1. Please work out which residue is farthest from TRP55 (Cα to Cα), limiting yourself to segment 75-133 and to residues that are hydroxyl-bearing (Ser, Thr, Tyr) and either surrounded by 10 or more Cβ atoms within 10 Å (Cβ to Cβ) or in contact with a strand residue (DSSP E or B) (Cβ under 6 Å, 6 or more places away or on another chain) (or both).
2. Please enumerate the residues belonging to segment 9-46 that are farther than 30 Å from ALA121 by Cβ and without any contact (Cβ under 8 Å) to a residue 12 or more places away in the chain.
3. Pairs needed: first member in segment 57-72, closer than 18 Å to ILE84 by Cα; second member anywhere, among the hydroxyl-bearing types (Ser, Thr, Tyr); C-beta distance under 9 Å; at least 6 residues apart or different chains.
4. Of all helices (runs of 4 or more DSSP H) completely enclosed by segment 1-103, which ones contain at least 2 residues that are modelled with pLDDT of 80 or more?
Amino acid sequence: MKKTPLSIEELKSRRKPIRNVNLEHKEHLSSLESLALWITNHIGTMGFFLVIFFWTIIWLSFNIFGPKEFQFDPYPAFVLWLFISNMIQIFLMPLIMIGQNLEAKHTKARAEADFEVNTKAEREIETILVHLENQNEMMLEILNKLKNK
C-alpha cells in the first residue's frame, strides 16, 4: 500500500503559529506574582547575601565595640535582632517557594511548546521521507524503462 504524502499546502494549513512561551508566561503573571518573582530573583543572589552578612557584622560590631552612648542596640537586644532575622527567613521561605512554583509552571509551558515543535517537525520529516520514497520509486521505474528500451 502506497502512502500518499501530504502536500506542502496541507502541511502549511496544519501549521500552528510559533509561540513565544516566555512572553506568554510574563504576560499572564499577576502583579503579586511578578513581585514575588522579582523578590526571589534578587534575594537569591550573592549580592543580597553579602549585604545581609556585612550589615549583620556592622550591626553587631557597633553594638559590641562602639561607644556606650551611641550603642542603639546593646547586649540584650541582640535577641531582638535574631528574632527579626528569623522573621525575615519565615517570610522569605514562602516567597521563594512561590517563585519556584512560578518557574516550574514556566518550565512546563516551555516543555509543552518544545513538544509541539517536535511533533510538527516529526510530521514534516515523515512527509519529506514519504516524498523521497515516492521519488525513489519513480526514478527506479524510469531507470527500468530506459534499460528495457
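The values are calculated or read from the model by the stated rules, or taken from the named source; none is laboratory data. Please read all numbers here as calculations on a predicted model, not as lab measurements. With ideal geometry, Cβ positions are generated from the backbone for all residues, glycine too; neighbour counts draw on all protein chains shown.
1. Among those residues, the one meeting the criterion is THR127.
2. SER30, SER31, LEU32, SER34, LEU35, TRP38, HIS42, THR45, MET46, listed by residue number.
3. If the second residue must be among the hydroxyl-bearing types (Ser, Thr, Tyr), the pairs left are ASN63/TYR75.
4. 21-27, 31-43, 46-65
The rows are residues; the columns are (1) closer than 30 Å to HIS25 by Cα; (2) charged (D, E, K, R); (3) in contact (Cβ under 8 Å) with a residue 24 or more places away in the chain; (4) part of a helix (DSSP H, G or I).
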{"site": "ALA113", "(1), (2), (3), (4)": "yes, no, yes, yes"}
{"site": "ILE125", "(1), (2), (3), (4)": "yes, no, no, yes"}
{"site": "HIS131", "(1), (2), (3), (4)": "no, no, yes, yes"}
{"site": "ASN144", "(1), (2), (3), (4)": "no, no, no, yes"}
